[in-house]
Amino acid sequence: MWFVYVVRCADQSLYTGVTTDAGRRIDEHNDGSGARYTRARGPVELVYLERVKDRGSALRREHEIKRMTAAGKRAMVESARRKKARRKAHAQAQRAAETTTRRS
């Protein structure tokens with residue numbers, strides 16, 4: 001399984017890359033063994049993660065993201081953040097409803 005990721009650097013710039021292990025890759029960026037770009041701009045924070053089926057798909061998607069404007073990347077990251085927040089709120093509401101139903 002491959003992932004395309006975007007990290008926000010300490011200087012607020014965004015860096016896009018591909019990996020098979022997002023946690024390991026973020027750690028590499030933060031310990032200075034990641035990409036040269038992020039070494040001077042750390043620490044980094046993962047702000048976007050997309051699962052893709054294979055390496056070729058990951059590299060194509062990375063290229064698409066890298067061709068976006070900075071504003072386009074920020075909008076993509078923000079949209080994904082809002083979507084994740086909605087899913088989390090929905091899951092919490094479902095758990096609360098299940099708990100209420102069991103108590104009745």
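Nothing in this text is a laboratory measurement; each read-out follows from the coordinates by a stated rule. None of these values were measured; they are calculated from a predicted model. Cβ: placed from backbone, ideal geometry, glycine included. Neighbour counts: every protein chain shown.
Relative to the longest principal axis of the Cα atoms of the chain, helix 55-67 runs at roughly 80 degrees. Applying the Karplus relation 6.51 cos²θ - 1.76 cosθ + 1.60 with θ = phi - 60° to the stretch 33-41 yields 3J(HN,Hα) values of 9, x, 4, 4, 4, 7, 4, 8, 10 Hz, where x marks Gly and Pro. For the chain, the Kirkwood hydrodynamic radius from C-alpha pairs, put into Stokes-Einstein at 25 °C and a viscosity of 0.890 mPa s, yields a diffusion coefficient of 161 µm² per second. Only the Cβ atoms of Lys and Arg (+1) and of Asp and Glu (-1) were treated as charged; on that basis the dipole of the chain about its Cα centre amounts to roughly 500 debye.
With each run of n ≥ 4 DSSP H residues scored as -39500 (n - 2.57), what mean residue ellipticity at 222 nm is computed for the chain after dividing by its residue count and rounding to the nearest 500 deg cm²/dmol? All intermediate terms of the calculation are to be shown ahead of the outcome.
Numbers: 4 runs with 60 residues, N = 104.
When only DSSP H runs of four or more count, the value is -19000 deg cm²/dmol.
Taking other residues whose beta carbon is less than 15 angstrom from the beta carbon of residue 43, and scoring Lys, Arg as +1 and Asp, Glu as -1, yields -1.
So what is the relative contact order of the stretch 2-103, in percent, for Cα pairs below 8 Å that sit 6 or more residues apart?
Values: 116 pairs, mean separation 27.9, N = 102.
The normalised contact order for the stretch 2-103 reaches 27 percent.
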